[in-house]
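Here the structure comes first, spelled out in structure tokens, and everything after it is commentary.
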């Protein structure tokens with residue numbers, strides 16, 4: 001099974017959790033896009049759902065598939081969000097934001113009764129941090145904010161280079177008009193401590209640590225589907 005096939009298998013398994021009449025959050029990224037594509041097939045066959053996309057890219061994909069969309073201001077409580085992850089551990093702590101949509105992803109996930117993560121099994125790690133942690137910050141005073149992030153991260157036991165995200169030779173700007181600092185820590189020994197420290201910094205809009213949010217992970221791999229449920 002190739003990584004692409006593993007993602008497809010995870011997405012198809014997640015579709016089994018969708019019920020008629022649900023209000024869904026639609027994630028962002030390559031694996032989430034496969035879920036949206038499958039959902040579009042179900043909608044074409046008569047499934048009745050209404051969905052909130054977590055990015056403009058997901059919104060455009062959903063619209064192209066005639067998936068009914070709404071806004072959180074109209075439906076502030078969702079039944080289920082299905083999204084990918086850049087890393088996850090056995091407790092279903094996540095790093096997200098590689099696609100640049102972490103803020104909207106976190107808002108939508110926190111507005112849902114359940115969050116299911118879908119990914120290929122290479123995303124599972126013993127300790128978070130090999131994937132650079134994305135932190136969304138406002139552009140004003142970004143160098144000052146980066147210094148504060150570095151100081152707070154050291155306090156939380158994390159060190160490593162910080163870099164403004166560049167894409168296609170230009171500064172990456174999120175759908176919210178902010179920028180992203182990617183922090184290559186290598187490992188994050190205490191994700192809760194780091195999350196708390198980052199959240200106190202003026203200029204930090206949000207970070208890519210999704211803790212105590214996902215209740216179920218569906219991973220595709222060479223041996224088929226692996227299901228992980230949060231223990232606490």
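The values are calculated or read from the model by the stated rules, or taken from the named source; none is laboratory data. In this text the structure is predicted, and so the values were computed from the model without any measurement. Positions of Cβ are backbone-derived with ideal geometry, glycine not excepted, and every protein chain shown enters the neighbour counts.
List of remarks:
- In the set (1) outside any loop (DSSP other than H, G, I, E, B); (2) surrounded by 17 or more Cβ atoms within 10 Å (Cβ to Cβ), the condition left unmet by residue 97 is number (1).
- Residue 47, sole failed condition from (1) in contact with a strand residue (DSSP E or B) (Cβ under 9 Å, 6 or more places away or on another chain); (2) assigned to a loop (DSSP other than H, G, I, E, B): (1)
- Cβ-Cβ under 9 Å pairs, at least 6 apart or on other chains, the stretch 71-85 side without any contact (Cβ under 8 Å) to a residue 40 or more places away in the chain, far side assigned to a loop (DSSP other than H, G, I, E, B): 72/111; 76/111
- Among the residues listed as 106, 148, the single one being assigned by TED's automatic domain parsing to the domain that holds residue 45, in contact (Cβ under 8 Å) with a residue 12 or more places away in the chain and on the phi < 0 side of the Ramachandran plot: 106
- Residue list for the stretch 17-28, restricted to those being assigned to a loop (DSSP other than H, G, I, E, B) and either in contact with a helix residue (DSSP H, G or I) (Cβ under 9 Å, 6 or more places away or on another chain) or farther than 30 Å from residue 222 by Cα (or both): 18, 20, 21, 22, 27, 28
- In the stretch 53-63, residue surrounded by the most Cβ atoms within 10 Å (Cβ to Cβ) [restricted to those that are more than 25 Å from residue 227 (Cβ to Cβ) and either touching a residue at least 12 places away in the same chain (Cβ under 8 Å) or within 19 Å of the chain's Cα centre (by Cα) (or both)]: 53
- Exactly one residue out of 9, 32, 14 is assigned to a helix (DSSP H, G or I) and surrounded by fewer than 23 Cβ atoms within 10 Å (Cβ to Cβ), and it is 9.
- Condition met for residue 136 (without any contact (Cβ under 8 Å) to a residue 24 or more places away in the chain and either closer than 23 Å to residue 42 by Cβ or in contact with a helix residue (DSSP H, G or I) (Cβ under 7 Å, 6 or more places away or on another chain) (or both)): no
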